[in-house]
Amino acid sequence: MESRMNKAAAALLSCALILPFAAGVQAEPQFEKPDDAIAYRQSALKLLGAHFGGLAPVMRGRAPYDAARIQSEVAIIQTLAALPWKGFGEGTQGGNALPAVWQDSAKFREAAKTMQGNVAKLVEASRSGDFDTVRAAYG
């Protein structure tokens with residue numbers, strides 16, 4: 001029994017020592033085939049569109065404004081906004097992506113960065129709880 005407890009204590013200590021280093025590591029998607037990357041980015045963009053679209057009735061005044069719900073939804077959008085770009089690697093041409101994505105990849109990366117910056121502004125606006133501020137950032 002004591003041996004089992006020593007092993008458990010050693011395992012816990014190992015985890016405690018490794019965890020601070022692992023926390024700084026971010027998992028990156030790995031794609032075995034170009035089609036996997038295409039499916040990944042299309043799925044991420046579809047989810048992003050669905051969540052943005054879910055805000056539309058509220059932003060148009062067709063559904064009631066609930067600041068907490070909007071803030072929660074915007075947090076999801078922020079997470080999703082970081083995902084699709086990892087699926088646009090070299091050799092993953094195709095899907096619904098225009099050839100311009102690869103012909104002018106610097107411009108595409110800049111547009112992605114601008115979009116993520118706009119989402120960050122939406123996050124900040126959602127924290128204010130003010131409908132007009134959120135709606136302006138959503139636009």
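The values are calculated or read from the model by the stated rules, or taken from the named source; none is laboratory data. Bear in mind the structure is a predicted one, so any value in this text is a computation, not a measurement. When we count neighbours, we look across all protein chains shown, and the Cβ atoms used for this are built from the backbone with ideal geometry, even at glycine. In case anyone asks, the SASA skips ligands and DNA or RNA and just uses the protein heavy atoms, side chains included. Shrake-Rupley method; radii C 1.70, N 1.55, O 1.52, S 1.80 Å.
Quick notes
- Test: Ala136 is open to solvent by 40 Å² or more (accessible area, probe 1.4 Å), assigned to a helix (DSSP H, G or I) and out of contact with any Gly (no Cβ under 8 Å at 6 or more places or on another chain): yes
- Per-region count, the range 80-94, residues open to solvent by 50 Å² or more (accessible area, probe 1.4 Å) and in a loop (DSSP other than H, G, I, E, B): 3
- Single condition Ala112 does not satisfy, out of (1) open to solvent by less than 80 Å² (accessible area, probe 1.4 Å); (2) modelled with pLDDT of 95 or more: (2)
- Scanning the range 97-123 for residues that are over 25 Å from Tyr138 (Cα atoms) and outside any helix (DSSP H, G or I) returns Leu98, Pro99, Asp104.
- Residue within the range 55-62 that is modelled with pLDDT under 95, in a helix (DSSP H, G or I) and farther than 28 Å from Ala97 by Cα present: no
- The test for being closer than 20 Å to Glu28 by Cβ, of a type in the set (A, V, I, L, M) and open to solvent by 50 Å² or more (accessible area, probe 1.4 Å) does not hold for Leu98.
- Residue that is farthest from Gly61 (Cα to Cα), among those in the range 106-129 that are without any contact (Cβ under 8 Å) to a residue 12 or more places away in the chain and more than 15 Å from the chain's Cα centre (by Cα): Ala106
- Candidates Ile38, Ile77, Ile70 - the one that is in contact (Cβ under 8 Å) with a residue 24 or more places away in the chain, farther than 18 Å from Ala112 by Cα and part of a helix (DSSP H, G or I): Ile70
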